Amino acid sequence: MANDLENRNEGALIQLSVEGEAEAFEVLYRRHMDVIYRYLFFRVGGETQAEDLTEDVFLKAWEALPKFKVGQQPLIHWLYRIAHNLLIDHFRKRTPLPLSDQLITSFVDSTETPEGVVNRHEEMELITRAVRRLAALEQQVILLRFVEGLSHRKIGNIIGKSAAASRVIQYRALKTLRAFLSELRNSNG
């Protein structure tokens, strides 16, 4: 049965899940868990927190799945929206570390020279510090656009705004990032 479920489309899996088929929801979980975890990890900066929040996202999704309308939006957009709302609650309760240094620095190319690695690490540190200074919504748009590679239309669905609003937020965030990076580079001299 599990192999049969793996080949089912998302709408069929959602319907089976609503009917109480836990294995169908498990397939949905496996399909989307990594993306949701990565999104949360970038925002909270800790594996344990990201794991806990990821589980909360899927628990809330399981509970609210009967209200989900297949075809109205992709399930992943709905899951991002749940994750976004949980992040808001999470950040209200504690001081956030919006980005993980560990994940940011993991993008270093292993074929680089030692000098290149040092320069890239320093640049990534500056970028991380600059992104952390952005407003939460700007951080979210930057991460969804440049880390997850989502379109403005998809980002708009996730953040509850239009694609045009997503573009404006990105534009302003990038402009602010340039200013922050310039300031940080000048202060590091």
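The values are calculated or read from the model by the stated rules, or taken from the named source; none is laboratory data. For clarity, every value in this text was computed on a predicted model and none was experimentally measured. Cβ placement follows ideal geometry from the backbone for every residue including glycine, while neighbour counts extend to all protein chains displayed.
The table below lists the values:
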quantity	calculated
Segment 72-107, residues that are loosely packed, with under 11 Cβ neighbours inside 10 Å and modelled with pLDDT under 80	ARG92, LYS93, ARG94, THR95, SER106, PHE107
Residues of segment 1-42 classified as in contact (Cβ under 8 Å) with a residue 40 or more places away in the chain and not charged (D, E, K, R), total	14
Hits in segment 161-189 (condition: at positive phi and modelled with pLDDT of 85 or more)	none
Some residue of segment 114-131 being of a type in the set (Gly, Ala, Ser) and at pLDDT 85 or above	no
Subset tally (residues that are farther than 15 Å from LEU40 by Cβ, under 12 Å from the mean Cα position of the chain (by Cα) and assigned to a helix (DSSP H, G or I)) for segment 138-153	4
